[in-house]
Structure formats: C-alpha cells, structure tokens
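What follows is a set of notes on a single structure, which appears directly below.
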Amino acid sequence: MPLPAFDRRRLFAATGGLGAASLLAACSDDPVPVQTEPDGRPFSFLDERSGEDVKLAAVPTKIVAFTGLAAALYDYGVEVAAVFGPTTLSDGQPDLQAGRLPVEELTVLGNAWGEFDVEQYAALGPELLVSHYYEGFDLWFVPEDRLEEIESLAPGIGIEVSKPTIDQIIDRHAALAEALGADLNSEENAAAVERFGNAAGSVAAAVAEKPLKVLAVGAWPDGLYIANPPTFNILAKSTELGVDLVVPDNPDQNNYWELLSWENVDKYDADVIFLDTRTGNLTAEQLRAEQPTWAALPAVEAGQVYGWNAEPVYSHVGGAIELERIAEGLTSGQAL
C-alpha cells in the first residue's frame, strides 16, 4: 500500500497486496444467504490492526462492511446491513469491487472516498464494522477524521490485505464469514474452493502449453503504470503458477508501479497485456482512440489486451474469477 504522502488517485491505483500460494474451486456464483438470527453463542475475531481479538457476547446480526469485504462475505452466504466504498457506477451498475452483491438492494453509506454517512450508520444500530486494512492506513474507506466517532458506535475489525498472500487473505475472509454464521462445508462453498483450485490449474496449464511474456498495467491520463508483480497478490499468485510477468526496473517508493510517460510506453516487450479494469482507469477503447503510442504496441495491434483486477473480491469465487480471466487471456494470446 502506498505511503500517506501518495495522492489519493495514485493511492487508489496502487491498491493491491503481496501474495503467492494455495490450491483449492467449479460451480454456481450465487451464494445461499445465511439467515443471521441471534443464536447466543459468543463471537470472537482477530482485528489485524491491533493484533487483538474483538469479542462480543453474541454473533452480530447488524454488520456494516466495506463493499469489497461485503462482496466476499456474500459469496460465502453472509449478508450485511449496509456497505461503504465503491458500490455502483454512475449508471447504477455494480462497481467492480461490488462483485456479485445485489447493489440495488443495498443500503450504501458512501460510494466514494471520503463519503460515510455517520448519522445513517448510527441509525442502523450497528453491532460490527469490518473493512480491509493496509499498512499505514486504518479501516479502508472509513474517514480518518471520524474514525473514533464511528468506532464508538460499534467495534471495528480490519483484515490485512497489503502483505499476506491471496490464499491467506481469502482464508481470513472465509474465517470471518464462518464466524458470522456461514457454513463453509456447504455444497456451494465446497464447489467454490474446488473452482479456485481449478482456476489456478488452468493458469498453470496455459503457461505450460504456451509460454508468453506478460505485462500488467494500469492506465491513467498522466501515463502508463507498469505493475510490479510481487506487490499485487493476484499477480504474485500468477507468477507462482508460472506466468512470465514483466518486472519493472524502477518501481515507485511504495514498490507498486513504474510510471511511464505516453511517449515511452514501449519500454517493455510483451506478447500479452493485462489492463487494470478498476473504476478510474482508462479503458482499452479510450487508449486506442487517444494514445497513438499505446495503439502501436505489438500486443495492442494483435488484439491481445485483456483485463485484470488489482483488488479482487477475496473469496474463493472472487479469486477463481480473476484467475480464470488470466487463464483465458493466456490461452487466447500468441507469441509475437
């Protein structure tokens, strides 16, 4: 995660984690929601900000979560009372980070950085607040200037996503879902674990069949951002599976990206390019129309540009979907 001195736009561009390990996923994307009724059993879960457990007398039923975390819980069958963070686009469609959440049915306390309706949050009577945690930051998308006030209304839990492997992060999300009532042994969740393993196998098989040089990038008006694979958990996982990803020569002080001017976007050779599809990035269509140097890249001319997501939904389904996209690109691409 970038340092606080990083500006907000580049901060968003840099979101990712350090990752690398696991095997375990084949069926439906639709979870079976857990009916969160009080059952009297105590609740305990580690807040990775402090290293201490948050303990409650009973399993909370009014949970408010960062959208990306809520999407992971939903994949395991747990629904939340409200979300905050990128949830819907301007046309009402789900933001990428909303995953498979039914966004039209959600109570959204804030849809962008700095937005968090504290009064509406208080009126919900929240029992637990959960979000991601990046080193150097606190609860992701919770306004720092109101964090103390917000946490006075309900205890908060942060799940670390900037250092662990993607497998470890997914396991933590699954453990939180289980603590909140999900049945990880259900048919749906067992199929999701299998699907994740199958997706990882597909990436490895694609590499073995056809080795390609791969470049992962993000695109913003000021230039092309070359992703540093060890710092993004989904890319680190891909490297572990054998993908030959370009490692930039001069990543920034936070080790996430190397920024290239549009005049120098041909610095690295690649057969296949994966373009960050998160909200705010320029699209492949915009780049072809507006940046001649991008359009002239061999991979772009060959139509070998595919999508990747630097902030996956950290569930077995969410991880599987991202690995499947990478496998599809590797299978479709050809050496240039």
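The values are calculated or read from the model by the stated rules, or taken from the named source; none is laboratory data. As the structure is a computational prediction, the values presented were derived from the model and not from experiment. Here the Cβ is made from the backbone with ideal geometry for all residues, glycine too, and neighbour counts use every protein chain on show. What goes into the accessible areas is simple: the full protein's heavy atoms, side chains included, and nothing from ligands, DNA or RNA. Shrake-Rupley method; radii C 1.70, N 1.55, O 1.52, S 1.80 Å.
Here are a few things to note about the model shown:
- Within region 166-217, the residues that satisfy the criterion of being at pLDDT 95 or above, more than 24 Å from T277 (Cα to Cα) and not in a helix (DSSP H, G or I) are L180, G181, A182, D183, L184, N185, S186.
- Test: residue in region 223-243 that is closer than 28 Å to A112 by Cα, in contact with an Asp or Glu (Cβ under 9 Å, 6 or more places away or on another chain) and open to solvent by 60 Å² or more (accessible area, probe 1.4 Å): no
- Checking region 146-161 against the condition returns a match, with at least one residue being of a type outside the set (G, A, S), surrounded by 21 or more Cβ atoms within 10 Å (Cβ to Cβ) and at pLDDT below 95.
- Complete set of residues in region 104-132 that are assigned to a helix (DSSP H, G or I) and either among the charged types (D, E, K, R) or surrounded by 20 or more Cβ atoms within 10 Å (Cβ to Cβ) (or both): E104, E105, E119, Y121
- Tally of residues being closer than 18 Å to S261 by Cβ and open to solvent by less than 10 Å² (accessible area, probe 1.4 Å) across region 277-317: 3
- Among the residues of region 99-126, those that are out of contact with any strand residue (DSSP E or B) (no Cβ under 7 Å at 6 or more places or on another chain) and under 27 Å from H316 (Cα atoms) comprise G99, R100, P102, E104, E105, A112, W113.
Results for (1) β-branched (V, I, T); (2) open to solvent by 20 Å² or more (accessible area, probe 1.4 Å); (3) more than 16 Å from the chain's Cα centre (by Cα), shown as yes or no for each residue.
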| residue | (1), (2), (3) |
| --- | --- |
| G51 | no, yes, yes |
| I63 | yes, no, yes |
| A82 | no, no, yes |
| R100 | no, yes, no |
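- Within the set E258, E263, the sole residue that is touching a strand residue (DSSP E or B) at 6+ places or on another chain (Cβ under 6 Å) and farther than 21 Å from A327 by Cβ turns out to be E258.
- Leading residue by the ranking (modelled with the lowest pLDDT) among those in region 253-269 that are open to solvent by less than 40 Å² (accessible area, probe 1.4 Å) and within 23 Å of L96 (Cβ to Cβ): N254
- Condition check for F45: of a type outside the set (D, E, K, R), modelled with pLDDT of 55 or more and open to solvent by less than 10 Å² (accessible area, probe 1.4 Å): no
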